[in-house]
Amino acid sequence: MSLVTAAGGDTGGLFAAIDAKDGAAFVAYLTENAIFRFGSAPPVQGRDAIQAAVEGFFATIAGCSHSVDNKLRQGDTVVCEGIVTYTRHDGSEIELPFTDVFEYEGILIAHYKIYMDVAPLYA
């Protein structure tokens, strides 16, 4: 799925980069000094730090696949709601609900917030 905001942001490509576990492609959607927060983890700032953080997370899973069920836009803010299916290294899968909030500056995301409980993934 692809959603092009008034600012020009493409969330379909962003989720494809995540599902490919491609940290470099992921941070290409972010501003240089973006702020990224995943669940209750502390915020991470800057492309290099964000790439290191997401690649660290990617190493803990065998794969993932996002299904976006609802998208809302107000001005430069986009909210995506859906289900992410994580594949663990043992081959088992778990589906978890998520809500992502993207605050754009131009065509890039300046603030990226993921609202979800990731704890069941590691249970």
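Brief remarks on what is shown
- The one condition from (1) in contact with a Phe, Trp or Tyr (Cβ under 7 Å, 6 or more places away or on another chain); (2) touching a residue at least 12 places away in the same chain (Cβ under 8 Å); (3) surrounded by fewer than 19 Cβ atoms within 10 Å (Cβ to Cβ); (4) farther than 14 Å from V118 by Cβ that E93 does not meet is (2).
- Residue among I18, I83, I35 that alone is in contact with a His (Cβ under 7 Å, 6 or more places away or on another chain) and without any contact (Cβ under 8 Å) to a residue 60 or more places away in the chain: I18
- The residues of region 58-68 that are in contact with a helix residue (DSSP H, G or I) (Cβ under 9 Å, 6 or more places away or on another chain), surrounded by 14 or more Cβ atoms within 10 Å (Cβ to Cβ) and not in a strand (DSSP E or B), listed by number, are F58, I61.
- Strands (runs of 3 or more DSSP E) completely within region 69-123 that count 3 or more residues being in contact with a Cys (Cβ under 9 Å, 6 or more places away or on another chain): 77-87, 93-105
- Top-ranked residue of region 91-107 - restricted to ones that are at pLDDT 95 or above and more than 18 Å from D19 (Cα to Cα), ranked as farthest from the chain's Cα centre (by Cα): E105
The values are calculated or read from the model by the stated rules, or taken from the named source; none is laboratory data. Everything numeric here is computed off the predicted structure, so don't read it as measured data. Backbone-built Cβ (ideal geometry, glycine too); neighbour counts: all protein chains shown.
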